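The values are calculated or read from the model by the stated rules, or taken from the named source; none is laboratory data. This one's a predicted model, so the numbers in the text were calculated from it and none came from an experiment. Virtual Cβ from ideal backbone geometry, glycine too; neighbours counted across all protein chains shown. The area values use the complete protein model at the heavy-atom level, side chains included, leaving out ligands, DNA and RNA. Shrake-Rupley method; radii C 1.70, N 1.55, O 1.52, S 1.80 Å.
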Amino acid sequence: MGVAERSALIKLLELQSDWGADEALLDAAQDRRGRAAAVERAEPILAPRRAAVAATGGSVDLSHIHDLDALRAALAAFEGCALKRTATQLVFADGAAAPLVLLIGEAPGAEEDRVGRPFVGPAGQLLDRMLGSIALDRGNVRIINAVPWRPPGNRTPSEAEINQCLPFLWRHIALVRPRAVLLLGAVAVRAVLGRPMPITKIRGQWQEIIVPDGNDALPVLPTFHPAYLLRKPEAKREAWADLLALRRRIDL
Ligand code: URA
């Protein structure tokens, strides 16, 4: 093993210990002879209820949009959300076009607004470390926000603003068809699952969504927003459990 690889592994171990992983054991015994079956037995992956919904949230018809470039162009031309007028630029997406996981955040902050890429500020740096801890990175995930323009002063986007941007969010999900979706925080939960829910109640519980024009249900996992984890480090233990559940789901 090379020095760089060694130091990356040490960083990951540090992150995990930081996050409350104090022993190399999982909650449930692992039957290595039948990996997927063991995971199914240890933890029912999908909640039985079908939480979300093919809500398209408005009158924008994007059914003629069949690729990400066209989606970006349509969003850039969209005048139906006033946040566009106060933001510096559109923050469309970062990462793979055919990702294993689609991560959905809230809205760009000051740094993202300046650079034009989601999650490049302090929360983004933590997010990158979180992804690295389960062997993911921006080469195999895609990162977007519920709202692609920065709200002034970093305020939470309003219900109306979330709804105005919703058709683009659903089209984005439909176009990239990830294996799973990770919802980062309450705004992403509200946008994708269609109703406000306290993140502390719903985090870690798998949901399903039916994407308009899609066929199969997509597994969706709500978890804490990395900005919340920066403010409340004691929640990292639960976030770590969510990341492990996500890794298990995409490995099935
Ligand atoms: N927080 C978010 O929800 N999204 C970003 O892109 C940056 C910070």
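Restricting attention to segment 126-172, and to residues there that are among the basic types (Lys, Arg) and within 13 Å of the ligand (Cβ to nearest atom), which single residue is surrounded by the most Cβ atoms within 10 Å (Cβ to Cβ)?
Let us first name the residues in segment 126-172 that are among the basic types (Lys, Arg), namely 129, 138, 142, 150, 155, 171.
With within 13 Å of the ligand (Cβ to nearest atom) added as a condition, the list becomes 138, 142, 150, 155.
Numbers: ARG138: 19, ARG142: 24, ARG150: 26, ARG155: 10.
The selected residue is ARG150.
Taking ASN215 as meeting all but one of (1) at pLDDT 95 or above; (2) among the polar types (S, T, N, Q); (3) open to solvent by 10 Å² or more (accessible area, probe 1.4 Å), write down the number of the exception.
The single condition ASN215 does not satisfy is (1).
Scanning segment 173-192 for residues that are under 13 Å from VAL211 (Cβ atoms) and in a helix (DSSP H, G or I), which turns out farthest from the ligand (Cβ to nearest atom)?
ALA174
Across segment 101-121, which residue is farthest from the ligand (Cβ to nearest atom) among those that are surrounded by fewer than 19 Cβ atoms within 10 Å (Cβ to Cβ) and in a loop (DSSP other than H, G, I, E, B)?
Initial filter on segment 101-121 (surrounded by fewer than 19 Cβ atoms within 10 Å (Cβ to Cβ)): 110-111, 114-117.
In the following step, the residues that additionally are in a loop (DSSP other than H, G, I, E, B) were identified as 116-117.
On the way: GLY116: 11, ARG117: 8 Å.
In this case the residue turns out to be GLY116.
Just one of (1) within 10 Å of the ligand (Cβ to nearest atom); (2) in a helix (DSSP H, G or I); (3) open to solvent by less than 30 Å² (accessible area, probe 1.4 Å) trips up LEU75, so point out which.
Among (1) within 10 Å of the ligand (Cβ to nearest atom); (2) in a helix (DSSP H, G or I); (3) open to solvent by less than 30 Å² (accessible area, probe 1.4 Å), the lone unmet condition for LEU75 is (1).
Spot the failing condition for ARG32; the list is (1) at pLDDT 95 or above; (2) over 26 Å from LYS236 (Cα atoms), and only one is missed.
(1)
Would it be correct to say that ALA245 is away from the ligand (no atom under 16 Å from the Cβ), over 28 Å from SER63 (Cβ atoms) and in contact with a strand residue (DSSP E or B) (Cβ under 7 Å, 6 or more places away or on another chain)?
Against the criterion (away from the ligand (no atom under 16 Å from the Cβ), over 28 Å from SER63 (Cβ atoms) and in contact with a strand residue (DSSP E or B) (Cβ under 7 Å, 6 or more places away or on another chain)), ALA245 qualifies.
What pairs come out if I take residues in segment 103-131 that are hydroxyl-bearing (Ser, Thr, Tyr) and pair them with residues that are at pLDDT 95 or above and more than 8 Å from the ligand (Cβ to nearest atom) whose C-beta lies under 9 Å away, six or more apart or interchain?
The qualifying pairs do not exist here.
Filter segment 175-198 down to residues that are touching a Pro at 6+ places or on another chain (Cβ under 6 Å) and open to solvent by 40 Å² or more (accessible area, probe 1.4 Å), then give me how many there are.
Residues flagged as touching a Pro at 6+ places or on another chain (Cβ under 6 Å) and open to solvent by 40 Å² or more (accessible area, probe 1.4 Å) within segment 175-198 amount to 0.
Go through the residues of segment 218-238 one by one and say whether even a single one is away from the ligand (no atom under 16 Å from the Cβ), open to solvent by 20 Å² or more (accessible area, probe 1.4 Å), touching a residue at least 24 places away in the same chain (Cβ under 8 Å) and closer than 23 Å to PRO99 by Cα.
So far as segment 218-238 goes, no, none of its residues is away from the ligand (no atom under 16 Å from the Cβ), open to solvent by 20 Å² or more (accessible area, probe 1.4 Å), touching a residue at least 24 places away in the same chain (Cβ under 8 Å) and closer than 23 Å to PRO99 by Cα.
Collect the residues in segment 85-95 that are of a type outside the set (Val, Ile, Thr), open to solvent by 20 Å² or more (accessible area, probe 1.4 Å) and part of a loop (DSSP other than H, G, I, E, B), keeping them in residue-number order.
GLN89, LEU90
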